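The values are calculated or read from the model by the stated rules, or taken from the named source; none is laboratory data. As the structure is a prediction and not an experimental result, all values here were calculated from the model. Counting neighbours? That spans all protein chains shown, and the Cβs are built from the backbone with ideal geometry, glycine included.
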Amino acid sequence: MLIGIVGKPSTGKSTFFKAATLAEVDIANYPFTTIKPNHAVGYVKIDCVDVDFNTQCNPRFGYCTDHKRFVPIDLLDVAGLIEGASEGEGLGNQFLDDLNQADALIHVIDLAGMTNAKGESVEPGSYDPANDIRFLERELDLWYLRILKKGWEKFSRTIKQEGSDISKAIAKQMSGLRVDEDLAKEVIKKLNLSDKIDIWSEEDLMNLASILRMKTKPMIIAANKCDIGVAYENFERLKKEFPEYVIIACSADSEVALKSAAKKGMIDYVPGNNDFKDLGKLNEGQKKALNFIKENVLRKYGNTGVQDVLDKVVFDILKMVAIFPGGVNKLEDKDGNVLPDCFLMKSGTTALDFAYRLHSSIGDGFIRAIDVKTKRTVGKEHVLKNRDVIEIVAKC
């Protein structure tokens, strides 16, 4: 799974990326600090199933703290996008194409309104962040439209002459953006488009591109810099103005500070929590800075927002579930690690799907599955739930 982090320059996008991954990236308050895309691992948080078995897990990937399991996901931070990106402005085509394989997007905006349309610093509150939501929607739609219309005259003529299936042809044209035949057919039907592709209008094509974009690149809004100026007022307004989006108030700077202090053993902090514990190693300046975060971010918004964004994009927007392999009589692997693995699977995943996720030979040899919590045997069509622990019985 790959989640793309997007937005205009200087909104704190790279800081958000660092907060989510603690990766070393260039962070500066000027446009195009990021030129090449940054790739690193972030983590989504779930209640670990080890607590259900009165034990402590030993993850092979990710980690577990206070029975909160952090499961790795791939994050990609591309350079800031500006108006005209879909036409190549600011190397826009290159950066957009970096997002081809992204399953979903996190759009980082400057909630404090202190970055203008070009990514330049302005007085806090002087710029409306709602403009950025609309701007990115349009640039992404135009990016899809550019790919859809590539060689359009020849494309439409070929379909007309050969009588090709329109949805199949659209899917082939847009395959790099994960548009398949079923999706193309669904959207064409939804828009009530004619089966004569050569009479489709520019508006028809734009609507098609827009819906395909929303379906294949769903987006969450990370409203960054929530602790500055008019940010809170903007946050409340944007939630009303854009009810179709999940909008999370964030302070990426605060999350970086908290994680860094925790990494140095100065505080006890679990990402996504609404508080931290001072371990008595902070100097007065550090105490003041972290108390500011406690009062203006954690108590005001409930947390820094960074972990919430990651969790919601994976579990609420992409509808993933976390499934653990395990045995009724043994939760350990051959090395003695308890519940070492956790897999993120699409909602609706069956026991057979999970068997194939473990290994193709396990799927091919599937006999039955066992719900380890209830010790109930289930068949291959049984739909798995979030935090299920499943044992697969298969032919050798």
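Residue count for the stretch 258-292 under the criterion of being outside any loop (DSSP other than H, G, I, E, B) and either closer than 25 Å to I46 by Cβ or outside the structural domain of G62 (by TED's automatic domain parsing) (or both): the result is 9.
Considering F292, F315, F276, the condition of being of a type in the set (A, V, I, L, M, F, W, C) and within 26 Å of R60 (Cβ to Cβ) is satisfied by F315 alone.
Taken together, the residues in the stretch 198-246 that are under 29 Å from K312 (Cβ atoms) and in a loop (DSSP other than H, G, I, E, B) amount to 13. Considering (1) modelled with pLDDT of 95 or more; (2) over 30 Å from L339 (Cβ atoms), the lone condition that L99 does not fulfil carries the number (1). Checking each residue in the stretch 191-204 for being closer than 19 Å to D180 by Cβ and at pLDDT below 95 picks out L193, I197. Restricting attention to the stretch 337-345, does a residue exist that is out of contact with any Ser or Thr (no Cβ under 9 Å at 6 or more places or on another chain), of a type in the set (V, I, T) and at negative phi? For the stretch 337-345, residues out of contact with any Ser or Thr (no Cβ under 9 Å at 6 or more places or on another chain), of a type in the set (V, I, T) and at negative phi: absent. The residues in the stretch 45-63 that are modelled with pLDDT of 95 or more and within 13 Å of V270 (Cα to Cα) can be counted, and the count is 3. When K118 is tested against the conditions (1) charged (D, E, K, R); (2) surrounded by fewer than 17 Cβ atoms within 10 Å (Cβ to Cβ); (3) at pLDDT 95 or above, the lone failure is (3).
Between V328, V338, V321, the distinction of being touching a helix residue (DSSP H, G or I) at 6+ places or on another chain (Cβ under 7 Å) and touching a residue at least 60 places away in the same chain (Cβ under 8 Å) belongs to V338 only.
Kindly provide the set of residues from the stretch 212-233 that are of a type in the set (A, V, I, L, M), surrounded by fewer than 18 Cβ atoms within 10 Å (Cβ to Cβ) and within 19 Å of the chain's Cα centre (by Cα), ordered by number. Within the stretch 212-233, M214 is the sole residue that qualifies. Against the conditions (1) in a loop (DSSP other than H, G, I, E, B); (2) modelled with pLDDT under 90; (3) surrounded by 17 or more Cβ atoms within 10 Å (Cβ to Cβ), D26 satisfies every one except (3).
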